[in-house]
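The values are calculated or read from the model by the stated rules, or taken from the named source; none is laboratory data. All figures in this text were calculated on a predicted structure; none of them were measured in a lab. We place every Cβ from the backbone using ideal geometry, glycine too, and count neighbours over all the protein chains shown.
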Amino acid sequence: MPPWRHWMKFLILNGPNVNLQRYSEPGMPGELDYNGMMDYVQSGCDQMGIETDVCQTNHEGDLIDEIQANFTSLLTQYPSGMRVNALLAARNFAVHQQNILVGNGAAELIKALMARLEGATGFIRPTFEEYPNRYQDRPNVCFTPAGPDFRYTADDLMAFFGPQDIDNLVLINPDNPTGNYIPAPDVLRLADWAQEKGIRLILDESFADFADEADNTFIRQDLLDRYRRLYVVKSISKSYGVPGLRLGVLASGDQDLIAALKKDVAIWNINSFAEFYMQIEEKYKKDYAQSLDRIRAERARFRRELEKLPNLRVIPSQANYLMVELLGGLSARAITRELLVNRCILVKDLSPKLGGQQYLRLAVRDTRDNDRLLEALRPLCGA
């Protein structure tokens, strides 16, 4: 027996969700359940005479640790309410509290905002349905990009909506599900055009942090002061990867509307956990920036790997998802079902949204999850 075996000891820390390994598909590394996997490791170490301690940790990062450390007090205390939440959001985004509203996810704010709008509204299709669904009983004008990649620019929007008699225009940037992105200087031109024509511009930048362009947010006091008919929606749940908190913000130079919306939503519309997140998120700005860099790099790699698959056409995206077209008679519904039922992988079937055209939306996750999806897609695409 080698001498090192007499003194070597392994401490094996299993990360969160390792206990869910039994739900992996047959033939994949997670075929064993958690206990079986630990028994296998322990047995192998015993055979080699290696002392082993195995335990599981739920460490997800310092931010999650801080929330967990305060779990009891957050669970048993009321949140502070609308005024304090607006102050927290104003601090985090460096705007005045009169210009920002916090919501129970962006969905609450979209509902409240769309209910207050009047006149005809311009939408871009395909889109995030929450906006048109909240306005379907009122006049609307829809623009559908003509190209195969669903690309459009600020100039395209001004050319199309210029002759239209609209009072409001909704722009999701990057768009959902296409990932189309209009650079910030062009959005500024669009805002100038909208202001000149008296059009309210609703800008949803929930996925803007994932774009390659830096410093592209429109939640800036100078821009809110300059464009009084600009309304910026941001989903903290989406961009920061904390959907369970249900947290979003709406910012505008239209202080009268912000004040009215604060009366429309409940005074305790977000819970203590979401409020605490806003209290501590400033400490983790650097971690967040590093995470965004990793996501952008992984998006580029994931796209390159997808482009190697036959019968699959990838649409360029600046969001944390990629839209792909299925070719060669492949069915989006069939592939979605196959991935879910037999691989426990959930993707978005876009065919109902696109009038039967065969498209999928694929989330950009970490390398391991993306590689797992690639492996599952290869036989389905005919590779």
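Some observations on this one:
- Some residue of region 119-131 being among the aliphatic types (A, V, I, L, M) and in a helix (DSSP H, G or I): no
- Condition met for Ala363 (outside the structural domain of Gly244 (by TED's automatic domain parsing), of a type in the set (A, V, I, L, M), closer than 28 Å to Leu247 by Cβ and surrounded by fewer than 19 Cβ atoms within 10 Å (Cβ to Cβ)): yes
- Selection within region 229-252 - part of a loop (DSSP other than H, G, I, E, B) and buried (at least 22 other Cβ atoms within 10 Å of the Cβ): Leu247
- Unmet requirement for Ser80, which otherwise passes all of (1) at pLDDT 95 or above; (2) among the small types (Gly, Ala, Ser); (3) more than 20 Å from the chain's Cα centre (by Cα); (4) not in a strand (DSSP E or B): (1)
- Per-region count, region 168-202, residues in a loop (DSSP other than H, G, I, E, B), surrounded by 17 or more Cβ atoms within 10 Å (Cβ to Cβ) and not β-branched (Val, Ile, Thr): 8
- Extreme residue, nearest to the chain's Cα centre (by Cα), among residues of region 304-322 that are of a type in the set (A, V, I, L, M) and part of a loop (DSSP other than H, G, I, E, B): Ala319
- Going through (1) assigned to a helix (DSSP H, G or I); (2) more than 29 Å from Leu377 (Cα to Cα) one by one, Phe218 falls short only on (1).
- Considered as a group, the residues in region 117-144 that are of a type outside the set (S, T, N, Q) and touching a Pro at 6+ places or on another chain (Cβ under 9 Å) include one that is farthest from Gly179 (Cα to Cα), and that residue is Gly119.
- Residue count, region 348-360 (criterion: assigned to a loop (DSSP other than H, G, I, E, B) and touching a residue at least 60 places away in the same chain (Cβ under 8 Å)): 3
- Residue within region 329-343 that is within 21 Å of Ala297 (Cα to Cα), in a helix (DSSP H, G or I), under 21 Å from the mean Cα position of the chain (by Cα) and without any contact (Cβ under 8 Å) to a residue 40 or more places away in the chain present: no
- Here Phe123, Phe150 are screened, and the one residue that is assigned by TED's automatic domain parsing to the domain that holds Ile280 and touching a Ser or Thr at 6+ places or on another chain (Cβ under 9 Å) is Phe150.
- Yes/no for Asp222 being surrounded by fewer than 21 Cβ atoms within 10 Å (Cβ to Cβ), farther than 25 Å from Thr127 by Cβ and either charged (D, E, K, R) or in contact with a Gly (Cβ under 6 Å, 6 or more places away or on another chain) (or both): yes
- Restricting region 361-383 to residues that are outside any loop (DSSP other than H, G, I, E, B) and of a type in the set (Gly, Ala, Ser), the residue that is farthest from Gly328 (Cα to Cα) is Ala363.
- Restricting region 123-165 to residues that are buried (at least 20 other Cβ atoms within 10 Å of the Cβ) and of a type in the set (Val, Ile, Thr), the residue that is modelled with the lowest pLDDT is Thr127.
- Odd one out for Tyr277 among (1) at pLDDT below 95; (2) within 30 Å of Tyr78 (Cβ to Cβ); (3) assigned to a loop (DSSP other than H, G, I, E, B): (3)
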